[in-house]
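Scroll down for the structure; my scribbles are underneath it.
The values are calculated or read from the model by the stated rules, or taken from the named source; none is laboratory data. Model, not experiment: these values are computed from the prediction. Cβ: placed from backbone, ideal geometry, glycine included. Neighbour counts: every protein chain shown.
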Amino acid sequence: MEIFPEAVTEEKEVTEDKMAAIFSRFKGRREELIPILQAVQEKFSYLPEEAMQQVARFISVSESRVYGAATFYSQFYFTQRGKHNIKVCCGTACHVKGAKSILEAFERELGVASGGTTEDFKYNLERVACIGSCALAPVVMVDDTVYGHMEARRVTECLKTDPDSKL
Amino acid sequence: MFAEIDSPAKLAKISEICRAAFARQKTRFLICAGTGCVAMGSLPVLAEFKRQIAERGLAVDVEMLFEGREAVTAAAGSGCHGFCEKGPLVRVEPQGIFYNKVKAEDVAEILAASLDQNSIVERLLYKNPDGSPCLTVHEVPFYSGQTRNVLERCGLIDPEDIREYFAHDGYQALAKALREYTPEQVIEIVSRSNLRGRGGAGFTTGKKWATCRRAPGDTKYVVCNCDEGDPGAFMDRSVLEADPHAVLEGMAIAAYAVGAERGFLYVRAEYPLAVARLQKAMEQAIKWKVLGENIMGCGFNFYPEIFQGAGAFVCGEETSLLASLEGGRGMPRMKPPFPAEEGLWKRPTVLNNVKTLAKVPKIIDQGADWFAATGTVKSPGTAVFALTGKIKNSGLIEVPMGITLREIVYGIGGGIINDGKFKAVQTGGPSGGCLPEELLELEVDFDSLRSAGSMMGSGGMVVLDEKSCMVDIARYFLEFTVHESCGQCTPCRDGIWQMLHILNDITAGKGRPEDLALLEEMGKSIIAGAICGLGKTAPNPVLSTLRYFRPEYEAHIQDKACPALNCQELIAYQIDPNKCKACGRCRKECPVEAIKGEKKTPHVIEQSKCCKCGICLETCPAKFSAVSKITGKHGDGSLASIDR
């Protein structure tokens, strides 16, 4: 697979300025924790440790409370993410139509287990519970593109139509 | 056109103006822009309609309609039409012509037919199984079997323009409640209608509101539960995307009834389009003064806010949802006290599902008796289901309570895909169960489903055919609940985990005969001991399949066979040497190079290498059909699957 060095997130570094810009949209109340974490992740693509420490100070709670809440929700990531998201839907409708073999095909093709990121930081592979396009089951989402009525043999085709070409 | 609505009388006037303005559109093309159709490519179709209509010089800005100009034609994106299977969908109003599987290149033909020739593009009409076309939406069996109340406006209005909602009597029910009824009277009407919560449990809405109203304290909240997490369910999302104002109006009525000023819509993180539509709807409603401060000059304030969830299924449980709203881990707590007495920040809080709130305006408008006239005595009204799985007509449906499963599956759903054999219908998602063919005559409502060992749930309905393994379905749901368990109480955290391990063993051919009794015993203890609804219902998929499909479990344990040819570790792929024409396609596609063979020699699968991905079966040309799946024992007593 090709290596895309530019796939590394530009916003990697956590600086006072960047955090201040995020905090300026909030009042610093405890109940804002989840929206704040969502904003931090939107900026950095994951939750860097330093950022979480600053969030704790901003809303005046312990760091463990921030970490505790963040780890509770599957939306939050704690390591750097790849450039493109591949979501293999494993909802009920997709499951009965063979989602498992499609997930396995992606794992084979990308050489990464579900939940992981490829070494070149190009793809994240995720299994998701349901993206609500059940009528098109089994479904795969590559970034914002939905591939319906998937088959295991079309997995390579999905990756061949490189999302980079559309960006 | 914009005006601040400062009295109910003004609203009536505005509605009249809006109705008249939109009536000036002679032809209206409604292109479904729900998530399902967007995935099928409906946005380019919408763009093409807009472009070509403008090219024809027919485009009239909505604003110009309000100046009395006549628009010959208009194209608008709408919410979900429901029949996702056949998307992208286009409706031509007022005739109700229904086109399916429309592509951008079909647009010119549709416009020419409707605008120039007064005819119809027959090839895009929905065809019945016998090949006869359906002209209008009312002729399509998928729609004609339905009773659409909550979904009435879904697909008919542009959800991003509040004036379309006004043209359909929008916010009239709120005006009526504020002007004609005391909060107690509103609760009385809702109680008398016997509306039950559409989130799944079916608790009486009026009772919940009355408890909250009675609870001491000045600060109260209304929360709309839009955290629709069941896999295989998208009813709430479709309502939020297609008719957001109905939910907001219902919420405002609830707030008036219980005495709340603030409300929260807790929306699932995975629903970006629903969030965008709600946001827009809220801004418009506040601007027009039908929400916000001093609503319609009646002295009542209501401020709704959107809160986006962060991906935790358990947050659909009301006490978890509130913990999450307060900014922490979404852990449920013991009830009582119920949220209606002690909820968000310890204040009395009413939590209702999207569809429950969307039903409220019409109940206030038409009265309790109108609502109670549909459905069954104990479960009046309609139910919205996401009908999916091995069914011909997948999509979103609304049916009266009391309809039989057969009418849903074979009437509206059109039967099983590829004319396969019906095996079961799964309702209620991970909290529900699987109902067999013998129960097809069951009349669907909250109580009948529960006594059959399943649940209404929020409305997922997945149809299964003979190729679906019931042990695997049970295992699948447990895998889901184990992953989503918050880990707080032992029955759920450890109990379901243990049950999953037993099921994993069974599907891998390592089950023991005594496992089935053990599963039943554990299931019952978990139901009795878990803290919240997630744990209390998690064993249902296992218990219901054990009840109705026990022989299938026994086949896995005793014969090491999966009758549905589904469980990977109990099946093998083989190539019939008499049918194989050595075309080499499977050999080329096999990702693990497990297929051996030369030109003109029938191919053979090397079982020790095979990863059971099924690609050989997919690629073998239908005219040969040489690849098949086998399970159980061969004639010589050896197992089809090789233990590796």
Query - Failed criterion for B:GLY381 (all others in (1) free of Cβ contacts under 8 Å to residues at least 40 places away in the same chain; (2) buried (at least 24 other Cβ atoms within 10 Å of the Cβ); (3) small (Gly, Ala, Ser) hold) - result: (1)
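Which fully enclosed strands (runs of 3 or more DSSP E) of region B:389-507 have 2 or more residues being of a type in the set (Ser, Thr, Tyr) and away from chain A (no Cβ under 14 Å)?
Where strands (runs of 3 or more DSSP E) fall fully within region B:389-507, none carries at least 2 residues being of a type in the set (Ser, Thr, Tyr) and away from chain A (no Cβ under 14 Å).
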Report summary line: Counted residues in region B:318-343 being more than 8 Å from chain A (Cβ to nearest Cβ), under 20 Å from B:GLU484 (Cα atoms) and in contact with a strand residue (DSSP E or B) (Cβ under 8 Å, 6 or more places away or on another chain) come to 3
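To keep it simple, each residue is scored yes or no on (1) among the small types (Gly, Ala, Ser); (2) at pLDDT 95 or above; (3) assigned to a strand (DSSP E or B).
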{"residue": "B:GLY199", "(1), (2), (3)": "yes, no, no"}
{"residue": "B:PRO231", "(1), (2), (3)": "no, no, no"}
{"residue": "B:GLU249", "(1), (2), (3)": "no, yes, no"}
{"residue": "B:ALA254", "(1), (2), (3)": "yes, yes, no"}
{"residue": "B:ALA285", "(1), (2), (3)": "yes, yes, no"}
{"residue": "B:GLU305", "(1), (2), (3)": "no, yes, yes"}
Query raised in the report: Hey, among the residues in region A:94-132 that are in a loop (DSSP other than H, G, I, E, B), more than 8 Å from chain B (Cβ to nearest Cβ) and touching a strand residue (DSSP E or B) at 6+ places or on another chain (Cβ under 7 Å), which one's surrounded by the most Cβ atoms within 10 Å (Cβ to Cβ)?
Result: A:LYS122
Requested in this report: Mind telling me which of the residues A:ARG65, A:ARG30 ends up being of a type in the set (D, E, K, R) and in contact with a Gly (Cβ under 7 Å, 6 or more places away or on another chain)?
Outcome: A:ARG30
Query raised in the report: Taking region B:345-388 only, how many residues are among the β-branched types (Val, Ile, Thr) and part of a helix (DSSP H, G or I)?
Result: 5
Query raised in the report: What's the number of the condition B:ALA12 fails, among (1) surrounded by fewer than 24 Cβ atoms within 10 Å (Cβ to Cβ); (2) within 14 Å of chain A (Cβ to nearest Cβ)?
Result: (2)
Requested in this report: Quick one: in region A:60-91, of everything that is in contact (Cβ under 8 Å) with a residue 40 or more places away in the chain and of a type in the set (S, T, N, Q), which residue is farthest from the other protein chains (Cβ to nearest Cβ)?
Outcome: A:GLN80
**Report entry** Cross-chain or 6+ apart pairs with Cβ under 7 Å, region B:207-232 first and touching a residue at least 24 places away in the same chain (Cβ under 8 Å), then hydroxyl-bearing (Ser, Thr, Tyr) and part of a loop (DSSP other than H, G, I, E, B)
**Finding:** B:GLU228/B:SER458; B:ASP230/B:SER458
Report task. Only one of these is within 11 Å of chain B (Cβ to nearest Cβ), closer than 30 Å to B:GLU85 by Cα and not in a strand (DSSP E or B): A:VAL155, A:VAL146. Name it. Result -> A:VAL155
Query raised in the report: Applying the selection to region B:612-636, what residues are surrounded by fewer than 16 Cβ atoms within 10 Å (Cβ to Cβ), part of a loop (DSSP other than H, G, I, E, B) and not small (Gly, Ala, Ser)?
Result: B:PRO621, B:LYS623, B:HIS634, B:ASP636
Report task. Output the residues belonging to region B:566-598 that are among the hydrophobic types (A, V, I, L, M, F, W, C), in contact (Cβ under 8 Å) with a residue 60 or more places away in the chain and either closer than 25 Å to A:THR156 by Cβ or within 11 Å of another protein chain (Cβ to nearest Cβ) (or both). Result -> B:CYS567, B:ILE571, B:ALA572
Query raised in the report: Is it true that some residue in region B:599-608 is more than 14 Å from chain A (Cβ to nearest Cβ), of a type outside the set (S, T, N, Q), crowded, with 18+ Cβ neighbours inside 10 Å and in a loop (DSSP other than H, G, I, E, B)?
Result: yes
Report task. Would you confirm whether any residue within region B:102-111 is exposed (fewer than 14 other Cβ atoms within 10 Å of the Cβ), under 35 Å from the mean Cα position of the chain (by Cα), of a type outside the set (D, E, K, R) and at pLDDT 90 or above? Result -> yes
Query raised in the report: Can you tell me which residue in region B:277-317 is farthest from the other protein chains (Cβ to nearest Cβ), limited to those that are in contact with a Pro (Cβ under 7 Å, 6 or more places away or on another chain) and surrounded by 23 or more Cβ atoms within 10 Å (Cβ to Cβ)?
Result: B:MET296
Report summary line: Residue hits (region B:375-388; of a type outside the set (A, V, I, L, M) and within 13 Å of chain A (Cβ to nearest Cβ)) are B:PHE385, B:THR388
Query raised in the report: B:ALA177 is checked against (1) surrounded by 24 or more Cβ atoms within 10 Å (Cβ to Cβ); (2) of a type outside the set (Ser, Thr, Tyr); (3) away from chain A (no Cβ under 14 Å); (4) in contact with a strand residue (DSSP E or B) (Cβ under 7 Å, 6 or more places away or on another chain) and fails just one. What number does that condition carry?
Result: (4)
Query raised in the report: Regarding B:GLU270, is this residue at pLDDT 95 or above and on the phi < 0 side of the Ramachandran plot?
Result: no
